[in-house]
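Here the structure comes first, spelled out in structure tokens, and everything after it is commentary.
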Amino acid sequence: MRLTPELIKTLETIVGGDAVLTGANDLAVYGVDGTTHCKGEPEAVVFPSTAEDISQIMALSDAHEIPVTVRGAGTSLSGGPVPVAGGIVLCTTRMNHILSIDRENFTVKTEVGVVLNDLNQALAKEKMFFPPDPQSFLAATIGGCVSENAGGPYAVKYGVFKHYLLAVTAILPSGKIVNLGGNTMKNVTGYDLPQIMCGAEGTLAVIVDVTLRLLPLPPAKSTVLAIFDEVLTAGKAVHAVRSSGVMPAKIELMDNWVVRRIEERIPLGIPLTADAILLFEMDGSKENVAQETQAVIDLCQQAGAMEVRAAKDDAEANTFWTARRAGFSAVFSASPTVLAEDVTVPTNRIADQIAHTKKLCAEYDLIIPIIGHAGDGNLHPCILTDKNDTAHYALAQKVAGEIFDNALALGGAISGEHGIGLEKQRFLKKAMSPEAIALLKGIKSVFDPKGLLNPGKIWESS
């Protein structure tokens, strides 16, 4: 059913007139996400402030069979929050309160509209931190991160969102409010429903707040920059470090294309002939950090690095990591359309995956910069194209398929952190058996029997 003027007035009654947008420009803004080519057409954008608001919105949706797509900051790179079925975009950014910080038990309860960086700034005052750090952490909200099971550079040592999720308060598509999980690290009470919702891309329920476990803030850190004349050598260096027993908190890779763009913006003194660089971060006690820093330097030199150096102070380390974060903006500003792909392979096959991608560049005359959380095998080959150039865009899509096929052949996955959304629906049947996909659909039908919550995502319509 379409949203009638009467139903829009009901939404305004629930959340207030200033919290419902229906203008064409507003709808266009909330019909896209961080991708450059996924678009939808919502009929209204609604900004709830409380769980009760969302409960009433979902009850209205259920009664009139109106699709609802939940959205946070819209930084998704898979089309997850794009409203392909129209209806309501339910934007949670006004639910931005940290509800409680438990210093004794190292947990935090927070609403889903809190920005990840704001959360960590508040936690730092208590000498605690929340490790998962997707590159969009300056804008990404907690709800979006849970829904995508977000990762980031810290995943090497500390894992991803699912490793920290203890409990959720959620609104079912019927409008019922449920509390799932608990406050303890160990909790084997029936099926782990918070974990089922983590990474579900907003297709099962609307999460309104979460309880997350925290860690003490590490007392010391160091950063190492390693420069390589071949990206394959850099890939082998990653495996050498990981297999040595040294556990850096972060290992990030950037290839020559990205290095050149970064040197234009934030000069680091990296030779433009360098085929790749690696950035390592070590954290922990001062003594342990010093030992691991030297071990990483030695291992990179043994692997064939052109140059390896530790940041001389915090300021230089921050410059290195600012440059890394600038990598994606450099990629997205270089082409009308960017297929920012996301594959994960076993860490001992990183060099093989990189080599295959470079082979595709030469074979199809494409530009495919590579940025990666190399320490956990998660690579982001970014195919530069233009969706308005039909032939080139089709070729880019074909090459994306070949990248995914190779990752699967190496024992990897078609997504490490971006999710499936719209972007990878056609590849899901390559990554999962029909029986497994049927289980996904079965879980969806239990939570959302009418299929109204974020419809059209993850698997292809049959």
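The values are calculated or read from the model by the stated rules, or taken from the named source; none is laboratory data. All figures in this text were calculated on a predicted structure; none of them were measured in a lab. We place every Cβ from the backbone using ideal geometry, glycine too, and count neighbours over all the protein chains shown. For the accessible areas, the whole protein counts, side chains as well, though only heavy atoms, and no ligand, DNA or RNA atoms are used. Shrake-Rupley method; radii C 1.70, N 1.55, O 1.52, S 1.80 Å.
Determine the calculated [θ] at 222 nm for the chain from helices alone, applying -39500 (n - 2.57) to every DSSP H run no shorter than 4 residues and normalising by the residue count; nearest 500 deg cm²/dmol. Helices in the chain give a 222 nm mean residue ellipticity of -11500 deg cm²/dmol. Rolling a 1.4 Å probe over the protein heavy atoms leaves residue 61 with an accessible area of roughly 0 Å². For segment 179-243, the list of trypsin sites (Lys or Arg not before Pro) that fall in a loop by DSSP and count at most 14 other C-beta atoms within 10 angstrom reads 186. Compactness of segment 32-106 was expressed as the Cα radius of gyration divided by 2.2 N^0.38 Å, which yields 1.31. The residues of the chain present an accessible area of 41 Å² per residue when probed at 1.4 Å with all protein chains retained. Measuring between their Cα centroids, segment 128-172 and segment 412-432 lie 19 Å from each other. For the chain, with all protein chains in place and a probe radius of 1.4 Å, 53% of the accessible heavy-atom surface sits on carbon or sulfur. In straight-distance terms, cross-link reach from residue 157 covers every one of the lysines whose alpha-carbon lies under 30 Å from its own, apart from those fewer than eight places away in the same chain; here that gives 109, 125, 127, 186, 221, 236, 250, 286, 312, 358, 424, 430. Rolling a 1.4 Å probe over the protein chains gives residue 313 an accessible area of about 70 Å².
Among the trypsin sites (Lys or Arg not before Pro) within segment 292-366, those in coil by DSSP and having at most 11 neighbouring Cβ atoms inside 10 Å are 312.
Applying a length cut-off of 27 Å (Cα extent along the axis) and a mean Kyte-Doolittle floor of -1.0 to the DSSP H helices of the chain leaves 314-332, 390-409. Loop-located GluC sites (Glu not before Pro) in segment 56-152 (DSSP state other than H, G, I, E, B) with a sparse environment of at most 15 neighbouring Cβ atoms within 10 Å: 65, 104, 126. Simple spin-label estimate for residue 408 and residue 432 gives 1.3 nm between the two label positions (7 Å along the Cα-to-Cβ direction from each Cα).
Between residue 100 and residue 9, the distance separating the two model label sites (each 7 Å from Cα on the Cα→Cβ line) works out to 4.2 nm. Spin-label pair residue 65-residue 355: with each label point 7 Å from Cα along the Cα-Cβ axis, the two points sit 5.5 nm from one another. Kindly state, to the nearest 0.05, the FRET efficiency for residue 187 paired with residue 348, given R0 = 41 Å and r defined as their beta-carbon distance. Step by step, r from the Cβ atoms, then E = 0.75.
Taking the DSSP beta bridges with both ends in the chain, the antiparallel portion is around 90 percent.
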